[in-house]
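Read through the structure below, which is laid out as structure tokens, and then see the notes.
The values are calculated or read from the model by the stated rules, or taken from the named source; none is laboratory data. Since the structure is predicted, the reported quantities are computational estimates derived from the model, not experimental observations. Note: ideal-geometry Cβ built from the backbone for every residue, glycine included; neighbour counts use all protein chains shown. Keep in mind that these areas ignore ligands, DNA and RNA; they rest on the heavy atoms of the full protein, side chains included. Shrake-Rupley method; radii C 1.70, N 1.55, O 1.52, S 1.80 Å.
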Amino acid sequence: MRRIGDWFGGMAGLVLLALAAPAMAQFPGAAPITIVMPYPPGGLGDYFVRLVAPKLAESLGTTVLVDNRPGANGAIGTAAVARAKPDGHTIVFVPASTVTTNQWLMKDLGYDPLKDLTPLALVLAVPNVLVVNPSVPVQTLPELLELARGKPGSVNYASVGMGSSTHLQAEMLKRGTGSGTGIDIVHVAYKGAGPALQDLLAGQVQMMFDNMPSSLPMIQSGKLRALAVTSAKPSPALPDVPPVGKFVPGFEEMPWFAFLGPAGMPPDLVAKLNEHLVRAVRSPEVVKALEARGGEITTSTPGQLADLMKAESEKMGRLIKDAGVSLQ
């Protein structure tokens, strides 16, 4: 989680997204590419990868599948990819927390993010937005903080899992609300944004930090109320919604997403996947869809992504230690 501009079980979860068949242009080997999405349907990652998969299939001239394997803040699906053959046919699409935070919270993670995975491409940066159910009697972030202070433990917040940006940003809010007093809000962890948003809409929880492209349609329809964004400035998609940092000094977070493969992938294969992934995410249709929802296509080389993962891992380790966040 940081600024980047300065840098859906069984077979139902396996969806054939696209097929392109020119034999001479096929990706190495006849097997399809499977993109593991380690979260359930309904969140930004699932939405984005289903936009990109047909473009990647077209670019590589092969079949691309999306396989949802949710659980443990993305660790279950990511661990499966870490164990896969390094032939480029099994890759994973993850938010930053899956490879920069899980290792500091989970004893049996099943993979070492920096040793067992091959960085392929950074592709997306997006602010989170703090949203509440409209039944919550607040219109602004200061009013929410006042409500939480006046009724400690009465406000529940949803997250997509322990260690996710949606979890840690709420913890940062708890601890950074002035004079060391903080606020008492209760964490309710889910397996992904889909079920978390479902309960938020139903009023089972009161608030959530969510990726903006995921929540924006519900904000625009009035089903959720946006109080603040985590970026340094208001988002063009929500120009009237102020940054959290306006009320909580120093609060600025910009989550990112990336594609990774198993460790041991040949350099020429890594370079080829990077080239075609970047081409796919920069297709006009993908860019337009993400920008309309407040997202920003931000790409990198594999080496740049490796450096970012290392730096972010060190940063999140310090944050988790300092905040005293632990598994519940």
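Criterion applied to SER164, SER215, SER159 was being open to solvent by less than 20 Å² (accessible area, probe 1.4 Å), under 11 Å from VAL131 (Cβ atoms) and not basic (Lys, Arg), and the one residue passing it is SER215.
Restricting segment 291-308 to residues that are touching a strand residue (DSSP E or B) at 6+ places or on another chain (Cβ under 6 Å) and assigned to a helix (DSSP H, G or I) leaves a set whose member that is surrounded by the fewest Cβ atoms within 10 Å (Cβ to Cβ) is ALA306. Of the residues making up segment 42-78, those that are within 18 Å of MET162 (Cα to Cα) and either in contact with a Ser or Thr (Cβ under 6 Å, 6 or more places away or on another chain) or of a type in the set (Asp, Glu) (or both) are GLY43, LEU44, ASN73, GLY74, THR78. Here LYS191 does not fit the description of being farther than 14 Å from TYR157 by Cβ and either modelled with pLDDT of 90 or more or among the hydroxyl-bearing types (Ser, Thr, Tyr) (or both).
Residue under question is ALA263, and the condition is that it be farther than 26 Å from GLN169 by Cβ, touching a strand residue (DSSP E or B) at 6+ places or on another chain (Cβ under 6 Å) and of a type in the set (Gly, Ala, Ser); does it hold?
Values: farther than 26 Å from GLN169 by Cβ: yes; touching a strand residue (DSSP E or B) at 6+ places or on another chain (Cβ under 6 Å): yes; of a type in the set (Gly, Ala, Ser): yes.
The answer is yes for ALA263.
Scanning segment 130-172 for residues that are of a type in the set (Ser, Thr, Tyr) and modelled with pLDDT of 95 or more returns SER135, THR140, TYR157.
Within the bounds of segment 80-95, is there any residue that is modelled with pLDDT under 95 and open to solvent by less than 40 Å² (accessible area, probe 1.4 Å)?
Step one: of segment 80-95, the residues modelled with pLDDT under 95 are 95.
Narrowing further to those that are open to solvent by less than 40 Å² (accessible area, probe 1.4 Å): 95.
Checking segment 80-95: at least one residue is modelled with pLDDT under 95 and open to solvent by less than 40 Å² (accessible area, probe 1.4 Å).
Residues in segment 218-234 that are open to solvent by 10 Å² or more (accessible area, probe 1.4 Å) and either under 15 Å from LYS174 (Cα atoms) or touching a strand residue (DSSP E or B) at 6+ places or on another chain (Cβ under 7 Å) (or both): ILE219, ARG225, ALA226, SER231, ALA232, LYS233, PRO234. Taking TYR47 as meeting all but one of (1) open to solvent by less than 10 Å² (accessible area, probe 1.4 Å); (2) among the aromatic types (Phe, Trp, Tyr); (3) not in a loop (DSSP other than H, G, I, E, B), write down the number of the exception. It fails just one condition, (1).
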